[in-house]
1. How many of the residues making up segment B:95-122 are touching a residue at least 40 places away in the same chain (Cβ under 8 Å), surrounded by fewer than 18 Cβ atoms within 10 Å (Cβ to Cβ) and away from chain A (no Cβ under 14 Å)?
2. Identify all residues within segment B:7-49 that are of a type in the set (A, V, I, L, M) and within 14 Å of chain A (Cβ to nearest Cβ); write none if there are none.
3. Tell me which residues, restricted to segment A:215-267, are basic (Lys, Arg) and closer than 24 Å to A:Cys195 by Cα.
4. Collect the residues in segment A:158-175 that are under 14 Å from B:Asp15 (Cβ atoms) and either among the hydrophobic types (A, V, I, L, M, F, W, C) or facing chain B (nearest Cβ under 8 Å) (or both), keeping them in residue-number order.
5. Of everything in segment B:1-36, what is touching a Gly at 6+ places or on another chain (Cβ under 7 Å) and of a type in the set (Ser, Thr, Tyr)? Give them in sequence order.
6. Hey, does segment A:257-268 have a residue that's over 30 Å from B:Pro106 (Cα atoms) and open to solvent by 60 Å² or more (accessible area, probe 1.4 Å)?
7. Restricting to segment A:106-149, name every residue that is more than 14 Å from chain B (Cβ to nearest Cβ), polar (S, T, N, Q) and surrounded by 12 or more Cβ atoms within 10 Å (Cβ to Cβ).
Amino acid sequence: MAKIVIIDDDALMCNMIIETLAEKGHETFSALDGRAGIALIENKLPDLVISDIMMPELDGYQCLELIRSNSRIDTIPVILLSGINEFGAIRKGMVLGADDYLVKPFSHEDLSAAVETQLKKRALIRNHHETTLSLLRKNIVYSLPHEFRTPLQLIMGHGHLLDMTYNSATPVDIQESARVIVSAGKRLQRLIENCLVYTQLELADEKEKLALRNHVLRDSANVITEVARARAEKYQRLPDLTLELSKTALRISEDDLRKIVDELVDNALKFSEPGSQVVIKSSYHDSTYTLTIEDHGRGMTDEQIKNMGAYMQFDRALFEQQGLGLGFTIARRLVELHEGKLDISSTPNVGTLIKICFKA
Amino acid sequence: MSYILLVEDNQANADMMMRILNTHGFEVRHYIKGLDGARAARAERPDVILMDFNLPDIDGRTLVLTLKQQLGGLNSPPIIAVTARTGAMEETLAKRFGCDAFISKPFDPQAFLSMVIQFVERTHARGK
C-alpha cells in the first residue's frame, strides 16, 4: 500500500482517481487546488503525486517546480494530468521533472499502470539506497573499530611488554618496542587527523570555504617532490618513483596540496607491488594545470570507483590494508575546494591513473 | 617445548604476540594466510592455535569450523580467537564456530599470556 496525493480542481475527476487507487489498496489524500496540494504533500510525504495541470492559484507546472525545489519532497515522483494532448505541453512537464503524463480522458487501466510503474521505480531506488546505507553502516561498525584498534593494540601491547620484561629485555628488544610504539602512534594520529579534516570539509560553509581558498603557492613542483619522496621512502620504494613536474604557481595552500599529494601517492604505493613504477607528472597548457599520479597496481572496477567514498573501503575481507577510504575522499574534497577537478580511471590488475586539473 | 601456532595477517601484531609468548619460552610458528596455518596445524599438531578472523585468504571463523573437525573435534588442540572484533555477540559466535576462547584486541599481554598458558596446560594434562 502506498500513500498518494491527488491534486485536481475537478472534484469528479478527483473522486474517480481516488476510487481507482483505493480499489488497489492505496491510501489517498486529495486537494482541489495547487496551494493546498503542496501543503498536503509536505504534511503527508507521499510515495506519489498525481496532479492536474490546469488549476487556479498554482497550476500543475508551478506545483511541480515547487516540489522539485524543496529538498524534503523533491524525489517524490509526479504524474501530470491534462486535457491538452500536445507535444509542447507534455515536453514542458517532462523538462520540469514530471515522471509521467496522462492525457484526459484516460482509462482506469492506464491510470493503474502509470501509478504502479512509478511506485515500482521508487521502491527500486529506495532499495538501492538502503543497500548502500547498510553497507556504510557495516563498514563503520567493522572497519572503524578495526582501524583504531590495530595501532592501539601495538602501542598498549608493547608498553605492557616493556613493563613485563623490564629486567630481562635486551637493548634491541627495547628499541624495537619503542619504534613500534612511535610508528603505531603516527598511524593513529593520521587516522584521527583524517577523521577531523574530513568532518571539517564536510561541514564548512561557503564563507569558510572562501577563506580556505585564499592562497597562492609559487612553486608546486617543490612541494610535490618533497611529499612524494617522503611517502616513497616510508614504503622503501624511492627507486619506484618517477617525477616529471612543471614549476607552476597554483592558487592553493601549501598544506592542502601536501595533503592531496600525500594521500594519493600513499594509495598508489599501498595498492601496487614494490618494483612497479609510480609516475607523477604535471604540466601547464591553456591556463590549465594538470597533475597525474599513475600506478601499476591492483586497480579497481568501475563499480568500485563508483562506490569510493568515506568509510567505503572495499575488499576488506580479502586484503589486510590500512585506511577507511578517507584519504582519497579528503583529497577529492580538497581539490574541489580549490575549484579543481579530480578524475580517476582504473583497470583491475593493470593500474590506476588519477588526474587533477586546476585553472592556474 | 610447547608449540603455539599463530595465524595473524598483520606482521607487527604477530611480532608482538611472538615476543609476549617467547617471554614464557613458548615456540611460536606464525602464518599470515589461514590455509597455510591450517596445513601446518594438521601436520604438526600444536599445543594451542591462536587465530585471527580477518585473514587474507579465508574467513577465520569458517576456517576454525573445519579445522576443529579435522583435528579431532573435542580432542583438537584448543583454538583461541584473537580478533579486533569485540562484544558478547562476537564471542558467542566465535565459540559456536568452535573456538575454545576469545580475546579481543587490544588485549593486556599478561592476560593473553595467562590464557595461553592455561590452555597449553590443559592440552598437556590431556596428553596432547
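The values are calculated or read from the model by the stated rules, or taken from the named source; none is laboratory data. Here the structure is a predicted model, which is why all the values come from computation and not from measurement. For neighbour counting, all protein chains shown are included, and Cβ atoms are generated from backbone atoms with ideal geometry for every residue, glycine included. These area figures cover heavy atoms from the full protein model, side chains too; ligands, DNA and RNA do not enter into them. Shrake-Rupley method; radii C 1.70, N 1.55, O 1.52, S 1.80 Å.
1. Restricting attention to segment B:95-122, the residues satisfying the condition of being touching a residue at least 40 places away in the same chain (Cβ under 8 Å) are B:99, B:105, B:109, B:112-113, B:116-117, B:119-120, B:122.
With the extra rule that they be surrounded by fewer than 18 Cβ atoms within 10 Å (Cβ to Cβ), the set shrinks to B:117, B:122.
If we keep only those that are away from chain A (no Cβ under 14 Å) too, we end up with B:122.
Looking only at that region, the number is 1.
2. First, the residues of segment B:7-49 that are of a type in the set (A, V, I, L, M): B:7, B:12, B:14, B:16-18, B:20-21, B:28, B:32, B:35, B:38, B:40-41, B:43, B:48-49.
B:Val7, B:Ala12, B:Ala14, B:Met16, B:Met17, B:Met18, B:Ile20, B:Leu21, B:Ile32, B:Leu35, listed by residue number.
3. Listed by number, the residues that qualify are A:Arg231, A:Lys234, A:Arg258, A:Lys259.
4. Here is the first cut: in segment A:158-175, the ones under 14 Å from B:Asp15 (Cβ atoms) are A:158, A:161, A:172-173, A:175.
Residues satisfying the conditions are A:His158, A:Leu161, A:Val172, A:Asp173.
5. Of everything in segment B:1-36, just one residue is touching a Gly at 6+ places or on another chain (Cβ under 7 Å) and of a type in the set (Ser, Thr, Tyr), namely B:Tyr31.
6. yes
7. Residues satisfying the conditions are A:Ser112, A:Thr117, A:Gln118, A:Thr132.
Each row is one residue, and each column tells you yes or no for (1) surrounded by fewer than 15 Cβ atoms within 10 Å (Cβ to Cβ); (2) among the basic types (Lys, Arg); (3) touching a His at 6+ places or on another chain (Cβ under 7 Å).
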site: A:Arg179; (1), (2), (3): yes, yes, no
site: A:Val182; (1), (2), (3): yes, no, no
site: A:Leu188; (1), (2), (3): no, no, no
site: A:Cys195; (1), (2), (3): no, no, no
site: A:Thr199; (1), (2), (3): yes, no, no
site: A:Ala204; (1), (2), (3): no, no, no
site: A:Glu208; (1), (2), (3): yes, no, no
site: A:Arg218; (1), (2), (3): yes, yes, no
site: A:Ile224; (1), (2), (3): no, no, no
